[in-house]
Amino acid sequence: MKMKSLLSAFMLLATVKGFSQPRYLNEVFTDVTVTSGVEYAQNYSVLTGTPVLQSLVTDIYEPAGDTLSQRPLVLYFHASDFLPLMLNGSPVGDMHDSCAAEICRRLARRGFVAASVDYRIGWNPISADQDIRTGTLLQAVYRGVQDARSCIRYFRMNASAQGNTYRIDPDCITVGGEGSSGYISTACASLNHYSELTLLKFISSTNGQPYIDTTVFGNLEGFGGAAGMNNDNWPGYPSNVSMVFNLEGAIGDSTWIEPGEAPMVSFHDVNNPGAPYTNGPVIGPAGYVVWVTGSHDMIRIANQLGNNNVFNVSWNDPFTDRADEVNEGWEGLFPIAQPDPSIIIPGNPYNGQWHPWQWWDSLDLQTVAPYYGIGSAQATAAYLSGFLTNPDMSKQKAMRYIDTVMGYLVPRIVQNCALPGFISGIAAENEPADDIRIYPVPALDNFFIKAFGTIHEVQAVSLFDPSGRLVREITTTHQSQVQINRSNLPAGMYLVKIKTDRGSVYRKVLMQ
């Protein structure tokens with residue numbers, strides 16, 4: 001049942017008390033600072049056949065003029081089909097794609113730190129041997145997951161050992177992927193046991209061995225492996241994620257999703273000809289590659305296992321209303337329906353569309369073509385090929401769909417990390433209700449935080465005002481109860497981040 005959420009009351013209170021609208025839910029910054037080509041790791045690429053140590057880089061987008069000491073981080077992995085731009089037969093496939101840059105800029109204007117991440121690519125989609133097609137694709141995805149985890153560890157290393165250059169909150173890292181990179185982002189949440197790579201479909205029909213040999217490629221974190229095949233990056237730092245999302249991606253197998261894993265959000269065209277909406281085969285130019293699980297089924301399972309319970313609140317926005325009309329009640333799923341492209345382009349071989357948030361320019365492709373060793377004719381062919389699955393492509397269309405992605409995704413990141421503007425009550429659903437208590441509520445001169453039950457100690461407390469500004473930070477010494485003095489804090493609703501021996505917990509407190 002829909003009802004007016006406490007979020008509305010919180011925002012009204014913020015207005016009455018003179019606070020601005022919460023960042024993250026709104027674009028509160030005008031300008032964005034971009035730091036380009038930051039090396040986050042080095043690892044071996046097999047794109048040319050011979051392993052070559054490659055610098056892996058990311059462009060980092062930050063809100064210009066922001067003074068907040070910690071900001072949530074979103075890593076965005078671009079579409080590629082695991083092949084270079086245009087050589088993949090497509091006008092998209094680069095960390096500087098229009099869509100990737102626009103999404104990162106929008107996140108930064110909302111107050112996030114966003115990173116458009118490059119990663120290793122390369123597989124053999126045109127081999128006549130299905131075993132080679134399957135094996136090389138799975139290995140490409142595996143390398144991408146290792147790179148994603150290396151990137152996560154890089155930011156945590158920087159936050160811990162290099163002064164937190166980008167001022168991220170290491171407890172709130174979201175990973176997203178588009179198209180083929182949707183396989184990377186979803187695996188970041190779910191691929192955590194080697195046994196998940198030894199299912200029958202991941203075993204070579206030629207030699208009876210798993211396509212992923214960790215003695216060669218390294219383990220799930222990207223450590224170990226054969227010399228000249230894998231390079232360790234930032235050992236000693238965790239690579240867990242708070243949440244993942246994908247734009248028309250898939251997951252290697254539905255059994256990978258287990259209780260207690262990070263929440264998932266997916267956007268997917270129900271007639272996508274390249275990635276199944278429910279489950280089905282990946283078909284390359286030379287034929288069948290592998291059977292995968294699409295957005296509908298992965299989000300259904302995440303809901304059934306309780307992993308998406310954090311989103312079970314009383315939303316009150318048009319994006320959720322639209323999703324709820326068509327997603328069969330599976331929270332976190334936004335199905336998209338577009339016309340059959342053959343209606344627009346007679347004779348079009350595809351019966352569905354994909355990537356409606358993408359747009360591209362012929363002149364841009366011609367300009368960068370020489371850097372990829374591509375001639376003008378091939379660049380033109382790649383430009384035109386994109387229209388087969390996005391026949392009414394335009395920047396205006398793409399912007400509307402990115403509006404939808406932002407409108408549905410960002411509130412769920414806010415909800416998952418309990419950022420300013422989140423809907424009250426969710427922490428009690430995710431954590432044992434009797435483990436952390438704040439009293440008295442509302443607070444007058446001070447309030448207490450008490451840990452009991454399965455939580456044994458409070459290690460640190462951070463207090464944020466409704467604009468997201470850090471106003472108080474306290475480190476404790478193994479205490480089960482902490483007193484927070486109000487001092488000169490004005491009246492209003494505050495977000496309390498409580499670091500405990502079991503992780504971070506979020507609560508709200510009202511100062512009268």
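The values are calculated or read from the model by the stated rules, or taken from the named source; none is laboratory data. Bear in mind that the values here come from a model prediction, so they are computed numbers and not experimental data. No Cβ is skipped: glycine too gets one built from the backbone with ideal geometry, and neighbour counts run over all protein chains shown. Accessible surface areas use protein heavy atoms only, side chains included; no ligands, DNA or RNA. Shrake-Rupley method; radii C 1.70, N 1.55, O 1.52, S 1.80 Å.
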(request) Any aspartates and glutamates with Cα under 12 Å of the residue 497 Cα? List them, leaving off those in the same chain fewer than 8 positions away. (result) 169, 171, 465, 473
(request) Figure the gain on full extension for residue 34 and residue 502 (residue separation times 0.36 nm, minus the Cα-Cα span) and round it to one decimal in nm. (result) 165.0 nm
(request) State the Cα centre-to-centre distance between the range 459-512 and the range 358-403 in whole Å. (result) 48
(request) Write down the Kirkwood hydrodynamic radius of the range 212-362, to one decimal in angstroms, obtained as one divided by the mean of 1/r over all alpha carbon pairs. (result) 17.9
(message) If I model a spin label as a point 7 Å beyond the Cα along the Cα-Cβ vector, how far apart are those points for residue 512 and residue 128 in nm?
(response) 8.2
(request) Quick one: order 331, 221 from most to least accessible surface, probe 1.4 Å. (result) 221, 331
(request) Might you report the magnitude of the Cβ-based charge dipole of the range 234-355 about its Cα centre, with Lys and Arg at +1 and Asp and Glu at -1, to the nearest 20 debye? (result) 260
(request) Skip the ligands, DNA and RNA, and give the accessible area per residue of the range 374-427 with a 1.4 Å probe, whole Å². (result) 31
(message) At 0.36 nm per residue, and after removing the present C-alpha to C-alpha distance, how many nm does the segment from residue 348 to residue 240 gain when stretched out fully?
(response) 34.6 nm
(message) Let me check against my output: what whole-number percent is the relative contact order of the range 155-244, with C-alpha pairs under 8 Å and at least 6 apart?
(response) 29
(message) For a Förster distance of 41 Å, can you work out the FRET efficiency between the beta-carbons of residue 162 and residue 491, rounded to the nearest 0.05?
(response) 0.60
(request) Find out how many positive minus negative residues lie around residue 412, taking Lys and Arg as positive, Asp and Glu as negative, among other residues whose Cβ is under 14 Å from that of residue 412. (result) -2
(request) Enumerate the calculated ³J(HN,Hα) couplings along the range 505-510 in order (Karplus 6.51 cos²θ - 1.76 cosθ + 1.60, θ = phi - 60°), each rounded to whole Hz, writing x wherever the residue is Gly or Pro. (result) 10, 10, 9, 10, 9, 9
(message) Please compute the modelled spin-label separation between residue 67 and residue 363, points set 7 Å along Cα→Cβ, answer in nm with one decimal.
(response) 4.2
(message) Can you give me the % of accessible surface on the range 236-334 that is carbon or sulfur? Probe 1.4 Å, all protein chains present, nothing else counted.
(response) 51
(request) Report, in degrees rounded to the nearest 10, the 0 to 90 angle that the Cα long axis of helix 376-385 makes with the longest principal axis of the chain. (result) 60
(message) What percentages make up the Cα-Cα pair-distance distribution of the range 70-195 when the bins are 10 Å wide from 0?
(response) 13, 40, 32, 12, 3, 0
(message) Once R0 is set to 35 Å, what does the formula 1/(1 + (r/R0)^6) return for the Cβ-Cβ distance between residue 219 and residue 340, expressed as a FRET efficiency to the nearest 0.05?
(response) 0.20
(request) Grab the eigenvalues of the alpha-carbon gyration tensor for the chain, scale each by 5, take roots, and send me the semi-axes largest first in whole angstrom. (result) 40, 25, 22
(message) Tell me the per residue accessible area of the range 440-512 using a 1.4 Å probe; a whole number in Å² is fine.
(response) 47
(message) What is the distance in Å between the Cα centroid of the range 129-160 and that of the range 254-283?
(response) 18
(message) As a test question: what accessible area, to the nearest 10 Å², does residue 388 have when a 1.4 Å probe is rolled over all protein chains in place?
(response) 50
(request) Could you calculate the contour length gain from residue 201 to residue 475, that is, 0.36 nm times the residue separation minus the distance between their Cα atoms, to one decimal place in nm? (result) 93.7 nm
(request) Could you state how much accessible area residue 29 has, in square angstrom rounded to the nearest 10, with a 1.4 Å probe and all protein chains kept in place? (result) 40
(message) Suppose a student asked you for the relative contact order of the chain, using Cα pairs under 8 Å spaced at least 6 residues apart; what percent would you report?
(response) 14
(request) Kindly point out, ordered by number, any Cys in the chain whose beta-carbon has no other cysteine beta-carbon under 4.7 Å away. (result) 99, 104, 151, 188
(message) Compute the helix-to-body angle for 181-190: its Cα long axis versus the longest principal axis of the chain, expressed 0 to 90° and rounded to tens.
(response) 50
(request) Output the peptides 155-161, 394-400, 132-138 sorted from most to least packed, where packing is the average of other Cβ atoms within 10 Å over each peptide's residues. (result) 132-138, 155-161, 394-400
(request) Out of all DSSP beta bridges with both ends in the chain, state the antiparallel percent to the nearest 5. (result) 70
(message) Let's see if you can work this out: charge +1 on each Lys and Arg Cβ, -1 on each Asp and Glu Cβ, no other charges. What is the dipole magnitude of the chain about its Cα centre, in debye to the nearest 20?
(response) 1320
(request) Roll a 1.4 Å probe over the protein chains and send me the accessible area per residue for the range 168-283 in Å². (result) 34
(message) Placing unit charges on C-beta atoms (Lys and Arg positive, Asp and Glu negative, everything else neutral), compute the dipole magnitude of the range 117-215 about its Cα centre in debye, rounded to 20.
(response) 160
(request) Please list 61, 288 in order of solvent-accessible area, largest first, computed with a 1.4 Å probe with all protein chains present. (result) 288, 61
(message) At 7 Å along Cα-to-Cβ for each site, give me the label-to-label distance between residue 381 and residue 396 in nm.
(response) 3.3
(request) Alpha carbons only, please: Rg and Dmax for the range 293-336, in angstrom. (result) 10.1, 30
(message) Given the -39500 (n - 2.57) contribution per DSSP H run of 4+ residues, what per-residue ellipticity at 222 nm results for the chain, rounded to the nearest 500 deg cm²/dmol?
(response) -8000 deg cm²/dmol
(request) State the Cα centre-to-centre distance between the range 95-121 and the range 298-349 in whole Å. (result) 23
(request) Could you work out the mean projected area of the convex hull around the alpha carbons of the range 20-115, in square nanometres to one decimal? (result) 7.2
